[in-house]
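Below: one structure, written as structure tokens.
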Amino acid sequence: MSLNKFVANKARPLPVIIMADTSGSMSVDGKIDSLNQSLRDMIESFSEESRSRAEINVSVITFGGQAQVHLNLTPAHQIEQIEELNATGGTPLGQACRLAKELIEDKEIIPSRAYRPVIILLSDGHPTDDYNSAFNELINSERAQKATRFSLSIGADADDSVLSEFNNDIEAPVFHAKNASDIHRFFRAVTMSVSNHSKSQSPNQPMKLEFAEVNTGELVEDDFDLDF
């Protein structure tokens, strides 16, 4: 019998791409601090997950003043630390969409064997560039259509019409964070959902967002201050 039959299958990547608004308005009311802590906690949790079936990869694209890839798509267990996000400038969502589309469509970075990506868009304001074309190209691209897309509206000034169009789970409309602590709660839910999804028997199925667990192991909505 060939020894090749005993070679363990390599875990398939499960990309998690975060498109984060880091415009100047995120500097108030502790929003950027909460986002930084949430990202650190998420990556730390992902790094501890088993990689027997799926290997969680994380990328962060920021758009504040200008859009940039803040963290290249990297296996979570290889990320030792993430540079702090700083809030400044306007909200160039269109630029961020172009970067996200380039990343998602690059089959050298995200191979065909990868599981469906999870894409998260969060913002506390309105786009300040001509975003429409790039936004539509992103959400209508073949891979982004298959991805699980969630959006988080922060505060009272976010453009919910854009965020709701980005979100593609009819059972999970735009999530609203009233304050900085709600940002952390949202990321806790995403972290738990992705972690559980990576260990499931069918990681390539669309992912559902799960709520925080309490000591009983039950999922409860009361633990969240988020509006739906």
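Coordinate-derived values only; no laboratory data. No experiment lies behind these values; they were computed from the predicted model shown. Positions of Cβ are generated from backbone atoms using ideal geometry, with glycine treated the same way; all protein chains shown enter the neighbour counts.
Scanning the stretch 40-53 for residues that are surrounded by fewer than 22 Cβ atoms within 10 Å (Cβ to Cβ) and touching a residue at least 40 places away in the same chain (Cβ under 8 Å) yields ARG40, ASP41, SER45, GLU49, SER50, ARG51, SER52, ARG53. Would you please name the residue that is farthest from PRO127 (Cα to Cα), looking only at residues in the stretch 19-37 that are among the β-branched types (Val, Ile, Thr) and in a loop (DSSP other than H, G, I, E, B)? Among those that are among the β-branched types (Val, Ile, Thr) and in a loop (DSSP other than H, G, I, E, B), it is VAL28. Considering the stretch 168-180, and only residues there that are out of contact with any helix residue (DSSP H, G or I) (no Cβ under 7 Å at 6 or more places or on another chain) and in contact (Cβ under 8 Å) with a residue 24 or more places away in the chain, the residue that is nearest to ASP41 (Cα to Cα) turns out to be ASN179.
Can you find even one residue in the stretch 96-113 that is surrounded by fewer than 20 Cβ atoms within 10 Å (Cβ to Cβ) and among the small types (Gly, Ala, Ser)? Yes: the stretch 96-113 contains one or more residues that are surrounded by fewer than 20 Cβ atoms within 10 Å (Cβ to Cβ) and among the small types (Gly, Ala, Ser). The set of residues from the stretch 72-95 being more than 20 Å from LEU163 (Cβ to Cβ), in contact with a Pro (Cβ under 8 Å, 6 or more places away or on another chain) and either hydroxyl-bearing (Ser, Thr, Tyr) or crowded, with 19+ Cβ neighbours inside 10 Å (or both) comprises just one member, LEU73. Among the strands (runs of 3 or more DSSP E) confined to the stretch 54-127, there are none with at least 2 residues that are out of contact with any His (no Cβ under 7 Å at 6 or more places or on another chain), of a type in the set (Asp, Glu) and touching a residue at least 24 places away in the same chain (Cβ under 8 Å). Scanning the stretch 5-14 for residues that are under 16 Å from LEU122 (Cα atoms) and within 16 Å of the chain's Cα centre (by Cα) turns up nothing. Of everything in the stretch 135-151 that is in contact with a Lys or Arg (Cβ under 9 Å, 6 or more places away or on another chain) and of a type in the set (D, E, K, R), the residue that is surrounded by the most Cβ atoms within 10 Å (Cβ to Cβ) is ARG143.
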